[in-house]
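Colleague: Starting off with a structure, shown below.
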Amino acid sequence: MAGFHLDDTIAAVSTAMAPAGIGIVRISGNDAFEVADRVFRAKKEGKKLSAVKSHTIHYGWITEGEEVIDEVLVMVMKGPKTYTGENTVEIDYHEVPNFPVSTAPGHAGKLMFGELAGKKLVCLAGRFHSYEGYDFEQLTQPVRLLKLLGVRALIVTNAAGGVNLAYHRGDFMLIADHIKLNGSSPMRGRNVDEFGPRFFDVTRMYTPELRELAKSCAAKLGFSVHEGVYFFMPGPQFETPAEIRAIRLLGGDAVGMSTVTEALTAAHCGLPLLGISVITNMAAGITGEAVSGEEVNETGAAVAERFSRYLEKILEEMDV
């Protein structure tokens with residue numbers, strides 16, 4: 001975790017969250033990386049704060065004795081208007097020392113704390129990509145920090161190109177698996193045993209039970225979703241038609257430039273994971289039209305309301 005100083009990060013997050021009555025203090029460290037040992041949360045009573053209770057973090061699980069006392073999920077998503085929860089506290093990535101900063105267009109670049117559908121959330125509105133110049137190892141930082149803050153399940157969302165010829169713009173695809181043939185593993189380098197083992201299984205990386213729940217939620221809302229394989233390409237250029245034909249032959253249903261590092265980090269940390277792709281365009285060579293970022297953004301805006309309702313329904317029914 002070279003270059004990632006959790007002391008500074010936690011201090012900045014604590015300062016920014018103080019108006020909402022939430023403070024984070026590091027008491028002691030462990031090995032070469034720092035672990036936050038105590039989290040203090042104030043309960044709101046109208047506009048007044050009641051007594052502060054202390055809880056202990058054991059490598060990411062907020063507990064009081066043996067009992068888990070908090071429900072926290074995280075959503076990683078593109079765009080600044082996809083989360084409208086209650087009691088929201090926003091922290092700009094620029095305000096957090098040593099934290100990555102989103103440079104991709106359409107990414108708000110904010111940590112957002114709040115509540116939605118009865119769940120306490122931490123939301124990263126804006127993610128980080130290797131094409132922005134980050135090493136794959138650096139891309140573990142956000143998920144690992146959230147794990148330490150008490151996140152108990154992870155929802156990752158992305159805009160993706162449709163490779164499967166049965167897909168259409170505006171469709172939703174639940175990620176059943178991914179293919180990553182480019183770049184190194186985000187777990188490359190010294191293993192941090194407190195997060196997970198050196199060699200770890202990814203057979204159930206995209207949690208099957210969460211996919212079943214997501215399919216059920218879609219049906220209740222009156223629409224269907226695909227279930228398929230996400231193929232990672234490094235970008236920032238869109239793929240060539242020849243690459244798309246190869247991706248289809250290899251079993252990819254959708255293609256994109258994100259998500260896999262977060263998914264692998266979640267698997268290493270033991271976090272249940274749900275991944276959802278919004279098919280914002282058909283991939284190169286399928287329609288004969290040029291692929292553009294404008295098309296991606298237009299489709300994202302067109303489905304934003306339906307996608308927000310879908311996420312809220314999933315959150316309502318998730319048991320974390």
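The values are calculated or read from the model by the stated rules, or taken from the named source; none is laboratory data. Computed from a predicted structure; not experimentally measured. Quick reminder, even Gly has a Cβ in these numbers, built from the backbone with ideal geometry, and neighbours come from all protein chains shown.
Colleague: Filter segment 127-148 down to residues that are within 14 Å of the chain's Cα centre (by Cα) and either under 20 Å from Gly196 (Cα atoms) or surrounded by fewer than 23 Cβ atoms within 10 Å (Cβ to Cβ) (or both), then give me how many there are. Walk me through how you get there before you give the answer.
Modeller: Just the residues of segment 127-148 that are within 14 Å of the chain's Cα centre (by Cα), to begin with: 127-129, 139-147.
Narrowing further to those that are either under 20 Å from Gly196 (Cα atoms) or surrounded by fewer than 23 Cβ atoms within 10 Å (Cβ to Cβ) (or both): 129, 139-147.
The qualifying residues number 10.
Colleague: Just to be sure before I move on: is Thr207 modelled with pLDDT of 95 or more, more than 18 Å from Phe307 (Cα to Cα) and in contact with a Pro (Cβ under 9 Å, 6 or more places away or on another chain) in the structure I sent? Don't jump to the end; show me each part of the working.
Modeller: Details: modelled with pLDDT of 95 or more: yes; more than 18 Å from Phe307 (Cα to Cα): yes; in contact with a Pro (Cβ under 9 Å, 6 or more places away or on another chain): yes.
The answer is yes for Thr207.
Colleague: Taking into account only those residues within segment 231-255 that are crowded, with 17+ Cβ neighbours inside 10 Å and of a type in the set (A, V, I, L, M, F, W, C), which is nearest to Arg144 (Cα to Cα)?
Modeller: It comes out as Phe232.
Colleague: So which residues in segment 265-285 are aliphatic (A, V, I, L, M), more than 18 Å from the chain's Cα centre (by Cα) and not in a strand (DSSP E or B), if there are any at all? It would help to see each step written out before you state the result.
Modeller: Keep residues of segment 265-285 that are aliphatic (A, V, I, L, M), which gives 266-267, 271, 273-274, 276, 278-279, 282-284.
From what is left, the residues that are more than 18 Å from the chain's Cα centre (by Cα) are 282-284.
Within segment 265-285, Ala283, Ala284 qualify.
Colleague: Those residues that are more than 20 Å from the chain's Cα centre (by Cα), more than 22 Å from Gly252 (Cα to Cα) and either modelled with pLDDT of 95 or more or surrounded by 14 or more Cβ atoms within 10 Å (Cβ to Cβ) (or both), I need them from segment 181-199; list them, please.
Modeller: Gly189, Asn191, Val192, Glu194, Pro197, Arg198, Phe199
Colleague: Would you be able to say whether some residue in segment 256-264 is over 18 Å from the mean Cα position of the chain (by Cα), more than 30 Å from Asp193 (Cβ to Cβ) and buried (at least 17 other Cβ atoms within 10 Å of the Cβ)?
Modeller: The initial filter retains those residues of segment 256-264 that are over 18 Å from the mean Cα position of the chain (by Cα), namely none.
No, because not a single residue in segment 256-264 is over 18 Å from the mean Cα position of the chain (by Cα), more than 30 Å from Asp193 (Cβ to Cβ) and buried (at least 17 other Cβ atoms within 10 Å of the Cβ).
Colleague: Please specify each residue of segment 236-255 satisfying the condition of being over 21 Å from Asp171 (Cβ atoms) and within 23 Å of the chain's Cα centre (by Cα).
Modeller: Residues satisfying the conditions are Pro236, Gln237.
Colleague: So, in segment 122-144, exactly how many residues are in contact with a strand residue (DSSP E or B) (Cβ under 9 Å, 6 or more places away or on another chain) and in contact (Cβ under 8 Å) with a residue 60 or more places away in the chain? Break it down stepwise before answering.
Modeller: Quick first cut of segment 122-144, residues in contact with a strand residue (DSSP E or B) (Cβ under 9 Å, 6 or more places away or on another chain) only: 122-127, 142-144.
Retained after the next criterion (residues that are in contact (Cβ under 8 Å) with a residue 60 or more places away in the chain): 127, 142-144.
Residues meeting the conditions: 4.
Colleague: Residue check: is Leu124 part of a strand (DSSP E or B), at pLDDT below 65 and at negative phi?
Modeller: Values: part of a strand (DSSP E or B): yes; at pLDDT below 65: no; at negative phi: yes.
The answer is no for Leu124.
Colleague: Just the residues that are small (Gly, Ala, Ser) and in contact with a Lys or Arg (Cβ under 8 Å, 6 or more places away or on another chain), please, taken from segment 267-320.
Modeller: Kept after step one, since they are small (Gly, Ala, Ser), are these residues of segment 267-320: 267, 270, 275, 277, 283-285, 288, 290, 292-293, 300-302, 304, 308.
Hits for segment 267-320 are Gly285, Gly300, Ala304.
Colleague: Return the only residue of Val255, Val229, Val291, Val278 being in contact with a Gly (Cβ under 8 Å, 6 or more places away or on another chain) and modelled with pLDDT under 95.
Modeller: Working: Val255 fails: modelled with pLDDT under 95; Val229 fails: modelled with pLDDT under 95; Val278 fails: modelled with pLDDT under 95.
Residue meeting the stated conditions: Val291.
Colleague: Another question, if that's okay. For segment 300-320, give me each residue that is of a type in the set (D, E, K, R), over 12 Å from Lys220 (Cα atoms) and either modelled with pLDDT of 95 or more or in a helix (DSSP H, G or I) (or both). Explain how you work it out, then say what you get.
Modeller: Of segment 300-320, the ones of a type in the set (D, E, K, R) are 305-306, 309, 312-313, 316-317, 319.
Right, trim to over 12 Å from Lys220 (Cα atoms) and you get 305-306, 312, 316, 319.
Across segment 300-320, the qualifying residues are Glu305, Arg306, Glu312, Glu316.
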